[in-house]
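No value in this document is a laboratory result; all are computed from the given coordinates. All figures in this text were calculated on a predicted structure; none of them were measured in a lab. Virtual Cβ from ideal backbone geometry, glycine too; neighbours counted across all protein chains shown.
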Amino acid sequence: MNSLKQVDVSDVIDGAAFGAIPFWVIVIGILCMTTDGFDLQSMSFAAPAVATEWAIRRELLGPVLAASIVGMAVGSVLLGWIGDRIGRKRSFAFCFALMAFGSLGSSLSATLLQLMIFRFVTGIALGGAAPLATALVAEWMPKRWRTLGVATVIVAVPAGGMIGGMIAEHIVPAYGWRSVFAAGAAIPLLCLFVTLFKVPESPLFLASRPERRSTLAELLNRLKGSTLYSGQEVFTVAGPRAKSRNELVTLLRAPYLAKTLVLWATFSLNTLALYGFVNWLPTIVAASGESLVSALRSAVFFNVGGVVGAICGSLLISSCGSRLVGSSMALIAVLAMLIVGTVIGPGHGIQSSTWSFAAVSICGMCLNGTQVFLYAVAANAYPTAIRATAVGCAAAVSRIGGVASSAVGSAIFLFGLSIGTYFYVLAAVAVGVMLGFLYLGERMPAVTHTDVEPSREGR
């Protein structure tokens with residue numbers, strides 16, 4: 001065995017051109033995250049019509065809106081674990097099949113309990129989609145394309161919400177709220193087809209399975225465009241050491257305890273504000289007396305801003321640093337939310353004021369931008385040995401904010417508070433995000449021309 005040629009798979013991928021395999025990996029990543037963004041917000045698109053058709057109080061929608069977030073927390077762990085054992089490709093297939101099943105069940109639900117259960121199932125798939133997509137993209141992209149590839153995939157999430165809002169704006173008034181979930185079932189089936197026939201297995205997974213050396217050799221030959229490997233080689237993957245069982249404990253000890261707690265709090269607060277819009281915006285706007293079309297259109301504007309924020313923010317943070325960009329965008333979000341709270345409500349028609357849609361778009365830009373920043377800050381705030389665990393834990397803890405957003409939205413209707421109060425509360429939450437960036441921003445300084453490119457081995 002020792003006489004066989006050893007091949008470092010990472011070196012092969014980094015030295016390859018951007019060809020058919022990376023292209024299809026990017027395509028499925030974009031499809032996956034677009035579908036993720038659509039299905040994530042599908043309940044918010046349907047919520048106003050559900051409340052009207054079933055004649056239920058709006059505060060009762062809170063548990064249903066929270067169900068998918070709880071499912072996402074489960075799915076991010078469960079499907080990640082499955083992916084490490086059966087491979088990325090089969091996990092993707094299972095993820096899309098589960099997403100289609102959950103959405104189809106949602107479209108056929110006759111009670112709130114049924115709808116909540118199927119939204120939880122859908123959430124499991126949504127929670128697994130993001131880590132699977134980003135991992136597969138990172139594992140097939142040459143190093144020089146890796147950051148751009150992952151960023152392109154991440155931007156597809158608000159793009160999916162934008163497309164979903166545009167579709168919902170036309171089909172919900174015509175065909176009812178069930179049509180949103182029917183579309184949410186059809187799209188994952190398309191992704192399932194593409195996955196089965198076009199997506200390659202992860203090279204890192206194949207390298208860890210000696211019995212599949214021939215498959216990996218064939219893929220690497222396709223990647224390089226020539227017959228270089230026979231399948232008799234010993235394939236290895238350079239990377240960081242295996243995780244220590246004490247990594248989580250390390251995060252909660254000096255010198256990391258303070259930054260860990262602040263990061264978790266900032267992540268949770270930003271997720272609360274972000275999901276406060278994602279889950280409740282159409283329902284809140286409809287409750288202000290606006291038409292269903294206007295309510296759904298507000299979600300489109302929020303997601304348009306989200307796409308802009310995710311793209312522009314990623315460019316700004318590398319040149320200006322996360323302290324300035326993150327805290328500034330959080331402050332702008334505060335001001336925009338105060339405007340939204342002032343102009344949306346009884347007597348302030350959203351259709352009669354361009355300020356409303358403009359402010360909603362700015363909120364989408366800032367909240368999505370800061371969410372992306374927080375992942376980057378988390379990755380730069382810790383050494384390589386505990387980086388993966390630190391980012392994963394921060395993302396998992398942030399789900400608390402997502403669940404809390406459902407409680408805040410329900411409380412507004414339960415206690416009969418004004419529509420403006422809801423956005424004022426979210427503005428106060430965004431102040432906490434701004435303060436968090438002022439503390440954490442120093443962990444990711446601006447990049448200068450003399451800086452050496454940081455290591456990406458933990459990504």
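Summary of computed values
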{"quantity": "Relative packing of 63-69, 178-184, which averages over residues the other C-beta atoms within 10 Å, highest first", "calculated": "63-69, 178-184"}
{"quantity": "Whether segment 1-239 is rounded, prolate or oblate, judged on the alpha carbon gyration tensor where a/c under 1.5 counts as rounded", "calculated": "prolate"}
{"quantity": "Protection-proxy order for peptides 224-232, 135-143, 34-42, each taking the mean of Cβ atoms within 10 Å per residue, highest first", "calculated": "34-42, 135-143, 224-232"}
{"quantity": "Electrostatic dipole magnitude of the chain [Cβ: Lys, Arg +1; Asp, Glu -1; Cα centre; debye, to 20]", "calculated": "720"}
{"quantity": "C-alpha center-to-center spacing [segment 107-182, segment 19-95] in angstrom", "calculated": "5"}
{"quantity": "Efficiency of FRET between Ala258 and Cys320 - r from beta-carbon atoms, R0 35 angstrom, step 0.05", "calculated": "0.90"}
{"quantity": "Folded to 0 to 90 degrees: helix 143-175 orientation relative to the chain principal axis, Cα", "calculated": "30"}
{"quantity": "0 to 90° range, to nearest 10: angle between helix 20-53 axis and the chain longest Cα axis", "calculated": "20"}
{"quantity": "Sorted by Cβ density within 10 Å, fewest first, the residues Cys191, Cys95", "calculated": "Cys191, Cys95"}
{"quantity": "Protection-proxy order for peptides 51-59, 357-365, each taking the mean of Cβ atoms within 10 Å per residue, highest first", "calculated": "357-365, 51-59"}
{"quantity": "Chain lengthening between Leu108 and Ser208 when straightened (0.36 nm per residue, less Cα-Cα)", "calculated": "31.8 nm"}
{"quantity": "Qualifying lysines (Cα of each under 21 Å from Cα of Lys259; at least 8 residues distant if same chain)", "calculated": "Lys243"}
{"quantity": "Using a Förster distance of 45 Å, the FRET efficiency for Asp8-Leu331 (Cβ separation, nearest 0.05)", "calculated": "0.45"}
{"quantity": "Exceeding the 24 Å Cα-Cα cut-off - candidates Lys5/Lys224; Lys5/Lys198; Lys143/Lys198", "calculated": "Lys5/Lys198"}
{"quantity": "Over the chain: helical MRE at 222 nm, DSSP H runs n ≥ 4 each giving -39500 (n - 2.57), nearest 500", "calculated": "-27000 deg cm²/dmol"}
{"quantity": "Contour minus Cα-Cα distance for Thr342 and Lys224 (0.36 nm per residue)", "calculated": "36.7 nm"}
{"quantity": "Between helix 178-198 and the chain: long-axis angle, C-alpha atoms, 0 to 90°, nearest 10", "calculated": "10"}
{"quantity": "Calculated diffusion of segment 129-266, Stokes-Einstein form, Kirkwood radius summed over Cα pairs, 10 °C and 1.306 mPa s, µm²/s", "calculated": "82"}
{"quantity": "R0 of 41 Å, Cβ-Cβ distance Leu190-Val249: FRET efficiency to nearest 0.05", "calculated": "0.40"}
{"quantity": "Kirkwood-based shape ratio for segment 30-119, expressed as Rg/Rh from alpha carbons", "calculated": "1.02"}
{"quantity": "For segment 28-80: rounded, prolate or oblate by the Cα gyration tensor [a/c cutoff 1.5]", "calculated": "oblate"}
{"quantity": "Rg [Å, one decimal], Dmax [Å, integer] - segment 71-172, C-alpha atoms", "calculated": "15.3, 50"}
